[in-house]
Amino acid sequence: MGWLWAIIVGFVLGLIAKAVIPGKQHSPLWLTTIFGILGAIVGNAVAVAAGVGETSGIDWIRHIFQLVAAIIIVALGDAAYMALWGNRKLQRSAR
């Protein structure tokens, strides 16, 4: 069940990150989900290191760390995706 929640949370975080980042992101949905999962993992690690990994009630601060990490990872990951594979796909679609 933990893996299912990781995929769901990663999917949601990735979509929110894509919505927040200005411009169009070209990475596929499966890769965005992986970036979101990585953002959740990194955000949790930062929250635990900052001492706010678990608080009473809803862990809003931890969720904010996760979202910020997901935004950064989605932006960097999409830039890497475009640098590695994006130009080939854009050239094929232009033909």
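Determine if region 82-89 includes at least one residue that is buried (at least 17 other Cβ atoms within 10 Å of the Cβ) and modelled with pLDDT under 95. Within region 82-89 (the criterion being buried (at least 17 other Cβ atoms within 10 Å of the Cβ) and modelled with pLDDT under 95), the answer is no, since none of the residues qualifies. The single condition among (1) open to solvent by less than 90 Å² (accessible area, probe 1.4 Å); (2) under 21 Å from Gly2 (Cα atoms); (3) at pLDDT 90 or above that Thr55 does not meet is (3). Residues in region 1-52 that are assigned to a loop (DSSP other than H, G, I, E, B) and of a type in the set (Val, Ile, Thr) were compared, and the one that is modelled with the highest pLDDT is Ile21. Of the set (1) of a type in the set (Gly, Ala, Ser); (2) open to solvent by less than 80 Å² (accessible area, probe 1.4 Å); (3) closer than 15 Å to Ala75 by Cβ, all apply to Gly10 but (3).
The values are calculated or read from the model by the stated rules, or taken from the named source; none is laboratory data. Computed from a predicted structure; not experimentally measured. In this analysis, Cβ positions are derived from the backbone assuming ideal geometry, glycine residues included, and neighbour counts consider all displayed protein chains. To get the accessible areas, we keep the full protein, side chains included, count just its heavy atoms, and leave off ligands, DNA and RNA. Shrake-Rupley method; radii C 1.70, N 1.55, O 1.52, S 1.80 Å.
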